[in-house]
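Read the figures in this text as sums done on the coordinates, not as results from a lab. Only a predicted model underlies this, so the values are computations on that prediction, with no experimental measurement involved.
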Amino acid sequence: MSALATSRALWNRTRLDLASDEVLAQILDRGELAAWRELYRLASGPGEDARELRRRILHLCRSVPLASPHLFIAAMGSLGEPIEPYPETPPAGAGDIA
C-alpha cells in the first residue's frame, strides 16, 4: 500500500481522495516525509493531472494555514511552476480553534 494511502494525516478519513482539497491540505499539513515524497513524485509526472496537482498545491499553500507552506512552494517551483520570490502565506495556526 502507498505511503499516501496509509498516512497518519488521513486519521479521519476512510480512504485517500487526492481530488479533495481538504484531503490534500491534510497531507501537506500533517503528512509524513514518505507521503510528501510520494506526493512530489505524482506532481513531477508528465501530463495535465500532474500540472493540476501542482497548481492545487500552490493554491492551498497560499490560502490555507499549513505548517510548512514555503517547503511545498519551493518544491513546486523546482518542478517548473511559476512562483513569487516572497509569497504571502497564511500564518501557521491561523485556523486553529482556541
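Tell me the mean residue ellipticity at 222 nm calculated for the chain from its helices only (DSSP H runs of n ≥ 4, each -39500 (n - 2.57), averaged over every residue, nearest 500). Before the final figure, lay out the partial values.
On the way: 4 runs with 47 residues, N = 98.
Helix contribution divided over all residues of the chain: -15000 deg cm²/dmol.
Among (i) 63, 19, 15; (ii) 40, 36, 20; (iii) 53, 34, 21, which is the computed Cα extents along the principal axes in Å?
Read-out taken from this structure: (ii).
Would you kindly derive the ³J(HN,Hα) couplings of segment 6-11 from the backbone phi angles with the Karplus curve 6.51 cos²θ - 1.76 cosθ + 1.60 (θ = phi - 60°), listing them in order in whole Hz, with x for Gly and Pro?
9, 4, 5, 5, 9, 4
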